Amino acid sequence: MSEDMMLPVGQSNRKELPPELPEPSTAGRKINRHSREHCTGQIPVGPGGGRIVHLESHLELCWCLTLMGRESTADLREQVGFGWEDEQGEMRRHWFDFFVTEVDGSQIAYSVKPQARVSERFLREMSQIAQQARESGFVDDVRLLTDENLDRIDLFNAKLFFAYRRPEPAADRLAHEIHDAMSGLCKLGELVAYFDKPGDGFRAFVRLIQSGHLKLVRHEQISLNSNVFKARKVTQ
């Protein structure tokens, strides 16, 4: 922390904002609400009240949180259909589990599947679907997400982002002031120490990490010992 940084100690009290109801899901097919073989559920994604996203497995939940936790993700929708032609020339429909629009405007379709269920036949089929989806302009890329390529650090941080996503105006204002006055590398705990209530400060700085205004020095689970630096100034 810069030695000439002088800021008042925060008087933040966590006051919940009025709840906003999420918009309905945009899933292109009916989602089973109950299953004896796997878990099902739903979560809100996006700003404000968000929009409901239906999930059909715990792996989908983990990947949904991870994708939404990425700074590059602008929007995420589930169960988006694509018509494709199989080897026999028959038209079929594939339902992508997630359809992500990136901040730069590119669109990526994702299929989620446990690695144990990824067969050679499935990979051949997905290769055909991916080629046709890209060539038709439906998406810029198609990717397969499994439990083996799920980064546990990304998932841990994504869970924090989701849990602390709701703004806390007083805490966020103080965090913005501290952020804009800081220079060099700081431990997250040093920044949180400016708050009377450390929990308020920690949540506020997690939101700044999620928005990309603060950056972690290392790829690690966010904690008070994490070193961070200012990536860009907060726009009030």
Quiz item: What residue, among those in the range 90-118 that are open to solvent by 50 Å² or more (accessible area, probe 1.4 Å), outside any helix (DSSP H, G or I) and of a type in the set (Lys, Arg), is farthest from CYS62 (Cα to Cα)?
Solution: ARG92
Quiz item: Tally time: how many residues in the range 210-236 are more than 15 Å from ASP154 (Cα to Cα), open to solvent by 80 Å² or more (accessible area, probe 1.4 Å) and touching a strand residue (DSSP E or B) at 6+ places or on another chain (Cβ under 8 Å)?
Solution: 2
Quiz item: Are there any pairs with C-beta distances below 9 angstrom linking a residue in the range 21-32 that is under 11 Å from HIS54 (Cα atoms) to a residue that is open to solvent by 90 Å² or more (accessible area, probe 1.4 Å), with the two at least 6 apart or on different chains, and if so which?
Solution: SER25/GLN42; ARG29/ARG93; ILE31/GLN42
Practice problem: Kindly indicate which of ARG173, ARG152 is modelled with pLDDT of 95 or more, open to solvent by 60 Å² or more (accessible area, probe 1.4 Å) and closer than 27 Å to LEU21 by Cα. | Solution: ARG173
Practice problem: Looking only at the range 1-55, count how many residues are within 30 Å of PHE202 (Cβ to Cβ) and at pLDDT below 70. | Solution: 19
Quiz item: Within the range 64-87, is even one residue of a type in the set (A, V, I, L, M), in contact with a Phe, Trp or Tyr (Cβ under 8 Å, 6 or more places away or on another chain) and surrounded by fewer than 14 Cβ atoms within 10 Å (Cβ to Cβ)?
Solution: no
Quiz item: Looking only at the range 187-201, which residues are in contact with a Ser or Thr (Cβ under 9 Å, 6 or more places away or on another chain), of a type outside the set (D, E, K, R) and closer than 22 Å to ALA158 by Cα?
Solution: LEU188, GLY189, GLY201
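The values are calculated or read from the model by the stated rules, or taken from the named source; none is laboratory data. These figures come from a predicted structure and were not determined experimentally. Because the Cβ atoms are built from the backbone with ideal geometry, glycine has one as well, and the counts that use them run over all protein chains shown. Just the protein is used for accessible areas: all its heavy atoms, side chains included, with ligands, DNA and RNA removed. Shrake-Rupley method; radii C 1.70, N 1.55, O 1.52, S 1.80 Å.
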